[in-house]
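Right, one structure below, let's go through it.
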Amino acid sequence: MSSKVAELAAQAAEVDIAFGRLTAEEYVENFSDIHPPLDRNKAIIEANRCVFCHDAPCIEACPTGIQIPIFIKKISTDNVKGAAKTILEANIMGGSCARVCPTEELCEEACVRNTQSDQPIKIGQLQRYAVDNLMMRPDRQLFRRKPATGKRIAVVGAGPAGLSCAHRLSREGHDVIIFEAKEKAGGLNEYGIAAYKVPNDFAQSEVSYILSLGGIEIKYGQALGKQISLVQLRKDYDAVFLGMGMTGVNALGIAEEEMEGIENAVDYIEDLRKSKDLSKLPVGRRVVVIGGGNTAIDIAIQIKRLGAEYVTLLYRRGPEHMTATEWEQEFAQTNGVMIKHWAMPKKLIGRHGHVAGIECEYTQLDDNGKLMGTGDTFTIDADQVFKAIGQTFVPSPCQDNGKDLLQLSKKGRIAVNDEGLTSLPGVYAGGDCTEGQDLTVAAVEGGKVAAEAIDRYLKTKR
Amino acid sequence: MADLTCKIGGVTSPNPFWLASAPPTDKEYNVVRAFQAGWGGVVWKTLGEEGPPVVNVSSRYGAMHYNGTKIAGLNNIELITDRPLDVNLKEIERVKKAWPDRALIVSLMVPCEENAWSKILKRVETTGCDGVELNFGCPHGMSERGMGSAVGQVPEYIKDVTTWCKKHTKMPVFVKLTPNITNILYPARAAVEGGADAVSLINTINSITGVDLDLMSPEPVVNGVGAHGGYCGPAVKPIALCMVGEIARDPACKQIPISGIGGVSTWRDAAEFIALGAGSVQVCTAAMHYGFKIVEDMIEGLSNWMDDKGYKNLDAFRGRAVKNYKNWQDLDMNYEIKAKIHEDKCIQCGLCHIACEDTSHQAIRAEKKDGKRIYTVVNDECVGCNLCLHVSPVDGCITMERVENGKPYMTWLQDPRNPANMKKKTG
Ligand SMILES: Cc1cc2nc3c(=O)[nH]c(=O)nc-3n(C[C@H](O)[C@H](O)[C@H](O)COP(=O)(O)OP(=O)(O)OC[C@H]3O[C@@H](n4cnc5c(N)ncnc54)[C@H](O)[C@@H]3O)c2cc1C
Ligand SMILES: Cc1cc2nc3c(=O)[nH]c(=O)nc-3n(C[C@H](O)[C@H](O)[C@H](O)COP(=O)(O)O)c2cc1C
Ligand code: SF4
Ligand code: SF4
Ligand code: SF4
């Protein structure tokens with residue numbers, strides 16, 4: 001009887017995908033800066049809260065090791081240009097990191113001001129204040145290239161890792177040619193990060209600042225494995241840096257029939273980031289997101305902000321297991337995303353070639369701590385389903401006739417040592433295509449460390 | 001409830017919190033609001049003689065902001081009241097009638113001639129005010145006309161003017177002293193010799209609060225240039241306390257009542273002044289920063305603290321710290337303390353370590369264990385200077401612990417290491 005009722009109800013529910021669910025003002029409002037910048041007064045008050053630690057824990061917690069107390073002190077004395085210099089010296093993408101870093105698990109988590117039920121120093125916000133101020137100055141170029149060395153380095157990928165590496169190499173006097181598969185530089189800063197974190201075309205202004213140093217040329221539409229090959233690059237250049245990020249996505253692990261309305265979160269976000277008119281994006285009324293990381297949170301919030309009515313984030317374990325930080329989970333929830341823990345997808349339900357729902361099963365850990373289904377199932381209606389269960393590194397571009405040129409790590413990424421050196425001499429790698437934190441800031445550090453190693457390598461090579 | 005009644009130099013007020021002679025006491029409107037808020041007394045903004053106009057410039061204030069905290073110190077280049085004498089006197093009379101229980105002192109500054117003082121005293125007497133305060137302190141503008149600190153820096157003048165005033169009025173005479181002098185005891189003793197009923201101190205300190213680096217002008221800037229002004233506010237409290245203490249313990253000052261002024265911002269500041277011998281305290285900058293309502297906490301806080309300590313009235317603790325105000329040579333050379341770091345309260349900021357390492361005695365060791373920063377005091381190196389305690393951002397992370405060495409109290413005068421004592425031995 002009850003199953004009959006459910007069936008009737010399911011039939012009644014029409015697929016509801018629409019465009020332009022919101023007014024023009026609502027789009028603007030929903031995709032503007034989530035953290036409005038600090039003004040001078042607020043920045044100075046905040047800067048003065050910093051106790052100026054010696055051997056500061058926050059520095060240690062920053063993957064790029066920015067001298068945080070030093071730049072904060074400079075803000076407090078109104079030496080904002082000096083503050084920006086301290087930041088960019090360690091992290092040339094300090095502007096985007098200030099916006100996208102999960103500071104709550106990096107520098108701000110380590111801040112000694114967390115104690116005594118106090119708040120940490122808003123390090124990210126202060127960093128943004130300093131860098132944004134620099135960017136508005138006519139004398140914003142802080143760096144100068146050393147005398148030309150005549151060495152040429154090929155960098156693959158113009159994401160944070162590649163750009164950071166290129167900038168550091170160019171400062172050392174080397175010429176850098178970046179090969180980028182897409183039409184724009186910036187990597188996931190341009191195509192992946194949630195739109196409200198980097199509004200106003202910030203990624204491109206940062207790229208142009210980096211390029212303004214000189215000595216860096218970007219060749220667009222040049223993909224490794226297609227237009228260019230690693231074998232050739234090694235022949236033509238003094239060294240090679242690989243910063244291609246991750247281009248693949250994980251599969252759900254259940255039968256995935258071809259049906260409309262099921263999408264990779266990263267692809268949809270890329271469309272969103274490229275879109276000049278958000279009302280042209282298809283938005284379901286009932287949306288389900290599968291995954292527990294940054295990407296899952298980002299797609300859930302952005303689809304909600306595009307006007308989806310019910311957004312459910314399905315995650316197979318508990319909140320403490322999510323790779324999305326506590327702050328991000330909370331941010332999703334305050335945006336009206338319902339997070340359903342301890343449940344996994346079992347079957348996609350389609351109707352007339354379009355997704356209509358998803359059957360799920362509750363999960364639990366068995367005595368050995370292994371995840372298993374409880375046998376108890378439920379169904380959620382869905383007009384749109386986003387898969388956000390992780391990106392993967394695709395090694396094929398680094399192959400030669402189907403043969404791996406580079407050693408891969410256990411998790412299938414490019415294996416590197418502490419200096420970013422791969423198994424091939426003269427070939428370095430960093431960022432998401434290697435093992436690490438999979439964060440912008442970590443990619444910047446990876447590029448920087450490799451650049452320093454390449455510089456040493458070229459000096460000794462002769 | 002402790003009794004806060006304040007009696008000083010023949011003047012009584014319900015509490016020791018007076019507003020100092022300054023913009024907050026410039027007219028009836030302000031003073032009435034102050035009394036409504038609960039202030040025990042006011043010293044009316046300084047009146048001058050009838051005739052030559054007093055004209056002020058703009059701007060008038062410069063300020064020292066420190067690490068994001070506004071007005072650690074304030075500087076002004078204002079003159080005495082710029083309102084007609086008649087108007088002020090009428091208002092004073094009205095206010096005193098309406099608020100008989102509050103202390104109302106009138107501050108005066110006229111040229112250094114007996115006739116000028118006798119003339120103004122006669123007129124002020126008609127208002128029924130409780131006393132006068134002779135302003136010998138103003139360091140700018142008026143001093144260039146031979147008044148204010150120009151008089152206050154010459155003890156003989158202070159004595160003369162005080163004597164004239166005592167001769168020409170029955171009203172209590174307070175003498176307000178300038179700190180712009182090497183030894184505060186000279187003007188204080190002169191006031192005592194002239195028969196003053198009390199001294200008030202300090203007035204403001206000569207200062208330039210800053211330099212505008214675009215205009216290349218001292219601050220406050222008046223059309224591209226600046227003059228030195230008078231410094232006041234929290235930053236001057238230590239200087240004021242020292243001068244009050246000097247007078248309180250000086251036998252030649254004969255325990256003249258003191259109205260303590262300089263950086264008083266809280267009840268605690270007031271309690272400190274009173275403990276060092278002050279009868280009342282006067283406040284200006286704190287009121288100018290936050291408005292008159294701050295007096296509520298001053299009264300309540302002082303009263304609660306006195307209750308906690310069992311002090312029934314102000315006399316119960318007035319001057320209690322005076323006997324402990326010593327000269328360096330009378331301190332105990334055998335007293336030993338060492339810093340102790342409490343790991344449970346340590347937030348690992350490293351400030352104590354770097355302060356001691358770079359600028360003191362290399363007595364705090366820094367180590368890292370399992371990613372945790374651990375700071376420990378090397379007892380043998382610690383000299384007990386307590387710099388680490390002052391730089392630490394956390395209450396109680398460092399305490400100074402007494403070392404029981406069993407040695408007796410020994411002053412430098414008794415110390416065998418004192419060259420004077422060595423000579424005695426050999427010679
Ligand atoms: C949806 C999403 C949200 C995220 N949000 C955050 C966040 O809020 N904060 C944060 O710190 N991190 C976030 N990240 C992670 C962060 O974006 C990455 O860690 C970072 O961008 C990695 O930099 P990268 O340079 O290694 O790779 P990418 O940014 O991926 O850049 C790689 C570049 O290489 C190019 N490329 C790829 N293959 C080839 C090829 N074969 N030939 C030539 N060029 C190629 C790509 O087009 C791209 O431009 C997010 C990631 C995603 C997917
Ligand atoms: C602990 C300490 C000891 C000082 N000893 C001396 C000294 O021996 N000789 C001296 O001329 N000044 C001495 N000074 C004064 C300083 O040189 C300086 O004039 C004063 O501290 C004002 O500067 P500041 O406001 O930057 O501290 C000392 C200051 C401090 C804090
Ligand atoms: S840990 Fe916090 S307080 Fe200490 S230096 Fe870093 S930001 Fe400042
Ligand atoms: S000053 Fe206090 S909190 Fe900071 S390291 Fe020293 S003991 Fe720890
Ligand atoms: S009291 Fe002085 S010497 Fe001792 S540890 Fe602290 S700073 Fe160092």
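The values are calculated or read from the model by the stated rules, or taken from the named source; none is laboratory data. In this text the structure is predicted, and so the values were computed from the model without any measurement. Glycine gets a Cβ as well: all are built from the backbone with ideal geometry, and neighbour counts include every protein chain shown. Note: areas computed on protein heavy atoms with side chains; ligands, DNA, RNA excluded. Shrake-Rupley method; radii C 1.70, N 1.55, O 1.52, S 1.80 Å.
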List the aspartates and glutamates whose alpha-carbon lies under 17 Å from that of B:K166, not counting same-chain residues fewer than 8 positions away?
-> B:E113, B:E114, B:E125, B:D130, B:E133, B:E156, B:E193, B:D197
List the relative contact order of chain A as a percent without decimals, with contacts defined as Cα pairs under 8 Å and 6+ residues apart.
-> 18
Lysines with Cα under 23 Å of B:K309, excluding same-chain neighbours fewer than 8 positions away | B:K7, B:K323
What angle, in degrees between 0 and 90 and rounded to the nearest 10, separates the Cα long axis of helix A:440-461 from the longest principal axis of the Cα atoms of chain A?
-> 40
Charge tally in the Cβ shell below 14 Å around A:F393, where Lys, Arg are +1 and Asp, Glu are -1, A:F393 excluded = -1
Taking Lys and Arg as +1 and Asp and Glu as -1, residues besides B:A227 with C-beta under 12 Å from its C-beta add up to -2
Counting alpha carbon pairs within less than 8 Å and at least 6 residues apart, what relative contact order, in whole percent, applies to the range B:6-324?
-> 19
Excluding B:G10 itself, what net charge comes from residues whose Cβ is under 11 Å from its Cβ, given Lys and Arg +1 and Asp and Glu -1?
-> 0
Pull up all non-local amide H partners of A:V289: gap of 5 or more, or a different chain, and H-to-H distance under 5 Å with H placed in the peptide plane.
-> A:T312, A:L313, A:L314, A:F386
Give the Cα extents of the range B:282-392 along the principal axes, in whole Å, largest first.
-> 53, 38, 27
Euclidean distance between Cα centres, the range B:70-99 to the range B:298-372, Å | 40
Calculated from backbone phi, Karplus (6.51, -1.76, 1.60) coupling profile of the range B:254-262 in Hz, x at Gly/Pro | 6, 6, 4, x, 10, 9, x, 9, x
Taking Cα atoms, how many degrees apart are the long axis of helix B:155-168 and the longest axis of chain B, rounded to 10 and kept between 0 and 90?
-> 40
If you project the alpha carbons of the range A:395-462 onto the principal axes, what extent comes out on each, in Å, largest first?
-> 33, 31, 17
Which value, in square angstrom to the nearest 100, describes the accessible area buried between chains A and B on both sides, using a 1.4 angstrom probe?
-> 1100
Which of the pairs B:K70/B:K237; B:K159/B:K254; A:K81/A:K448; B:K27/B:K97; B:K27/B:K90; A:K85/A:K184 have their Cα atoms more than 18 Å apart in this structure?
-> A:K81/A:K448; A:K85/A:K184
Largest first, how would A:T115, B:T25 line up by accessible area (1.4 Å probe)?
-> A:T115, B:T25
Long-range share for the range B:234-320, i.e. C-alpha pairs more than 14 Å apart as a percent of all pairs, stands at 62
Can you check what the Kirkwood hydrodynamic radius comes to for the range B:6-324, Cα pairs only, in Å to one decimal?
-> 19.4
Percent of accessible area on the range B:329-417 owned by carbon and sulfur, 1.4 Å probe?
-> 48
Counting helices only, and only those DSSP H runs with n ≥ 4, report the 222 nm mean residue ellipticity of chain B as the sum of -39,500 (n - 2.57) divided by its residues, in deg cm²/dmol to the nearest 500.
-> -9000 deg cm²/dmol
Per residue, how much accessible area does the protein assembly as shown show when a 1.4 Å probe rolls over the protein heavy atoms, in square angstrom?
-> 46
Report, in degrees rounded to the nearest 10, the 0 to 90 angle that the Cα long axis of helix A:160-171 makes with the longest principal axis of chain A.
-> 10
Rounded to a whole number of µm²/s, how large is the Stokes-Einstein D of chain A at 20 °C and 1.002 mPa s, given Rh as the Kirkwood radius over C-alpha pairs?
-> 90
Quick one: of the DSSP bridges fully inside chain A, what percent are antiparallel, nearest 5?
-> 40
Take the Cα atoms of the protein assembly as shown, build their convex hull, and give its volume per residue in Å³.
-> 278
Normalised by the residues of the range B:199-279, what does the relative contact order come to in percent, with Cα pairs under 8 Å and at least six apart?
-> 32
Distant alpha-carbon pairs in the range B:329-417 (separation over 17 angstrom), percent = 52
Give, ordered by residue number, each residue of the range B:38-76 whose 1.4 Å probe accessible area is reduced by a minimum of 40 Å² on adding the remaining protein chains to the chain alone.
-> B:N67
